[in-house]
Amino acid sequence: MQANELKQFVTDKVDELKASDIVTLDVRDKSCITDYLVLCTGNSRRHVASIAEHVCEQAQAVEIDSLGTEGQDDSEWVVVDLGDVMVHVMQEEQRQLYQLEKLWN
């Protein structure tokens with residue numbers, strides 16, 4: 001799957017579980033680690049964890065391997081690394097505190 005297709009796949013999967021404020025950032029010219037960031041907000045720790053788990057499960061179902069997941073212990077901010085796309089699922093407080101959109105724009 002191409003990076004742009006993977007970005008759309010991930011966006012669809014987080015939307016399926018009602019993530020809010022979904023934003024995609026093209027960081028190809030700013031990062032050598034990934035091409036796109038998908039940022040979204042969950043309304044509770046359980047919701048954040050569920051969104052991240054859903055992305056991992058759905059990616060695995062179409063034979064896309066996750067390179068790693070971080071943050072599931074406290075589920076305030078979970079990062080799923082799919083190579084060309086990194087998914088950041090955050091609670092509102094962390095999203096406002098770290099302001100990744102400003103950092104990467």
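The values are calculated or read from the model by the stated rules, or taken from the named source; none is laboratory data. None of these values were measured; they are calculated from a predicted model. Cβ sites come from the backbone with ideal geometry, for glycine too, and all protein chains shown count toward neighbours. Calculation scope for accessible area: heavy atoms of the full protein, side chains included, ligands and nucleic acids excluded. Shrake-Rupley method; radii C 1.70, N 1.55, O 1.52, S 1.80 Å.
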Per residue, what accessible area does the chain have, given a 1.4 Å probe and all protein chains present, in Å²?
57 Å²
Spatial separation of Cα centroids for the stretch 44-58 and the stretch 1-33, in angstrom:
15 Å
Can you give the Rg and Dmax of the chain based on its C-alpha atoms, in angstrom?
12.4, 34
Trypsin sites (Lys or Arg not before Pro) within the stretch 29-105, DSSP loop, no more than 16 other Cβ atoms inside 10 Å
LYS30
Candidate aspartates and glutamates for bridging to LYS102, where Cα separation is under 19 Å - those fewer than 8 sequence places away on the same chain excluded:
ASP21, ASP26, ASP29, ASP35, GLU92, GLU93
Going by average Cβ neighbours within 10 Å, how do the peptides 65-72, 16-23 rank, with the highest at the top?
16-23, 65-72
As a test of the formula, what do you get for the chain when each DSSP H run with n ≥ 4 contributes -39,500 (n - 2.57) and the sum is divided by the residue count, at 222 nm and rounded to the nearest 500 deg cm²/dmol?
-12500 deg cm²/dmol
